[in-house]
Amino acid sequence: MNRAKIEDVLLKMGVPAGIKGFIYIADAVEYIDEHGTDVSITKWLYLDIAKKRNTAPSRVERAIRHAFRIARSGRGDYKVVEKYIGFMHCENSNSLMMLYAKIKQECAEKADEAERKEETEEADRKITALEIREIFRQELRLALNELRKTTI
């Protein structure tokens, strides 16, 4: 999962890039992507992010909660907040899992779209190759006919 995508979504939701919760949420989404959605948020995620960032797990939890509260306060785009974390079930764990799921879904859709585009381009190349072959055949027939005329 692309960290730039995670950070872009957080900015659109209105989470200020200068607060620690911004960094911790991005870390958390990457952590969930790496370890799976059945990871214990309070037992492992906060602890591992705290170790990584040299702080306490309680501070990680509080900073994430604060960042989500800012996003839901109307500072960012309402539709973006509704799409990624919603306004119900405001616990950190629910918000993080929903954010992860939505970003992952978007990444999968973009990958599918890119694959379809590549298949379409490949099909276009095949058509072009067939057309070139047909032109070559026609030119070859003309050249053979000219040869026959000159030899007769």
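The values are calculated or read from the model by the stated rules, or taken from the named source; none is laboratory data. Computed from a prediction, not measured in an experiment: that's the story for all the values here. Don't worry about glycine lacking a Cβ; one is built from the backbone with ideal geometry, like all the others, and counts go over all protein chains shown. These area figures cover heavy atoms from the full protein model, side chains too; ligands, DNA and RNA do not enter into them. Shrake-Rupley method; radii C 1.70, N 1.55, O 1.52, S 1.80 Å.
Within region 66-90, work out how many residues are open to solvent by 80 Å² or more (accessible area, probe 1.4 Å) and touching a residue at least 60 places away in the same chain (Cβ under 8 Å).
Start the filter on region 66-90 by keeping residues that are open to solvent by 80 Å² or more (accessible area, probe 1.4 Å), which leaves 66, 69, 73, 75, 78-79, 82-83, 88-89.
This time we only want the ones that are touching a residue at least 60 places away in the same chain (Cβ under 8 Å), so: 75.
Qualifying residue count for the region: 1.
Could you say which residue among I41, I64 is more than 20 Å from the chain's Cα centre (by Cα), within 23 Å of Q105 (Cβ to Cβ), at pLDDT below 90 and among the β-branched types (V, I, T)? If you could, list the steps in order and put the result at the bottom.
Details: I64 fails: at pLDDT below 90.
Just a single option satisfies the conditions, and that option is I41.
Each row is one residue, and each column tells you yes or no for (1) of a type in the set (A, V, I, L, M, F, W, C); (2) within 17 Å of R53 (Cβ to Cβ); (3) open to solvent by less than 20 Å² (accessible area, probe 1.4 Å); (4) in a helix (DSSP H, G or I).
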{"site": "A4", "(1), (2), (3), (4)": "yes, no, no, yes"}
{"site": "K12", "(1), (2), (3), (4)": "no, no, no, yes"}
{"site": "G18", "(1), (2), (3), (4)": "no, yes, no, no"}
{"site": "F22", "(1), (2), (3), (4)": "yes, yes, yes, yes"}
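Is region 110-119 home to any residue that is out of contact with any Leu (no Cβ under 6 Å at 6 or more places or on another chain), under 22 Å from K5 (Cα atoms), open to solvent by less than 70 Å² (accessible area, probe 1.4 Å) and in a helix (DSSP H, G or I)?
yes
Just to be sure, is C90 in a helix (DSSP H, G or I) and under 30 Å from L45 (Cβ atoms)? Before the answer, list the steps.
On the way: in a helix (DSSP H, G or I): no; under 30 Å from L45 (Cβ atoms): yes.
It is false that C90 is in a helix (DSSP H, G or I) and under 30 Å from L45 (Cβ atoms).
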